[in-house]
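The values are calculated or read from the model by the stated rules, or taken from the named source; none is laboratory data. Since the structure is predicted, the reported quantities are computational estimates derived from the model, not experimental observations. Here the Cβ positions follow ideal geometry from the backbone for every residue, glycine too, while neighbour counts run over all protein chains shown.
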Amino acid sequence: MKLISAIPFALAGFALFTACSMASTPEAGPEADLEIVPAEAEEIEGGWNQIVGGYGPGDVSDPGAKIAYDLVEAAIYEQYPTRALVDSVALETQVVAGLNYRFRVEMTGSPESRAIYEGVVYRNLDNAYELTALSKVQ
């Protein structure tokens, strides 16, 4: 009698073992052809390498960038008084919990004495702008 009552448990165990082994066996599907590549740098238009979380090219004509640039320009003339004018401006942006604008500002003058400044403005999610860094590079 005991042998008959053990058969359902043995069958249930065999069914469970079979189901588990089938579930863990990968089947070749459309995902099998995918290659997993770590997110490093990707080439984007203009020859920039964009790194996830890093700085990428920015558009100086963007309204937010214009507001940020005004802060950087005012700080340059306040902290580093000069008669030189702005010759060129380059912008990179970084998405954080908001947006960082990093400007590289070159002033007029002879190439060997030309001042170059780098300034960073943080724009938070409420669209408040704050100058977080300003340094004279050259």
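Identify, please: which residue in segment 87-108 is among the small types (G, A, S) and assigned to a strand (DSSP E or B) and is, among those, surrounded by the fewest Cβ atoms within 10 Å (Cβ to Cβ)? Outline the logic, then answer.
The initial filter retains those residues of segment 87-108 that are among the small types (G, A, S), namely 88, 90, 97-98.
Adding the requirement that they be assigned to a strand (DSSP E or B) leaves 88, 90, 98.
On the way: S88: 10, A90: 13, G98: 15.
So the residue we want is S88.
Here's the yes/no breakdown for (1) surrounded by 12 or more Cβ atoms within 10 Å (Cβ to Cβ); (2) modelled with pLDDT of 55 or more; (3) in contact with a Lys or Arg (Cβ under 8 Å, 6 or more places away or on another chain):
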| residue | (1), (2), (3) |
| --- | --- |
| I36 | no, no, no |
| I44 | no, no, no |
| G53 | no, yes, no |
| G56 | yes, yes, no |
| V60 | yes, yes, yes |
| D70 | yes, yes, no |
| E73 | yes, yes, no |
| P81 | no, yes, no |
| L85 | no, yes, no |
> Restricted to segment 87-125, and to residues that are small (G, A, S) and touching a Lys or Arg at 6+ places or on another chain (Cβ under 8 Å), which residue is farthest from P57 (Cα to Cα)?
Replying inline: A115
>> Taking the criterion of being within 25 Å of the chain's Cα centre (by Cα) and among the acidic types (D, E), would at least one residue in segment 107-118 satisfy it?
In response: yes
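Looking only at segment 109-136, filter to residues that are modelled with pLDDT of 90 or more and in a loop (DSSP other than H, G, I, E, B); which one of those is surrounded by the most Cβ atoms within 10 Å (Cβ to Cβ)?
A115
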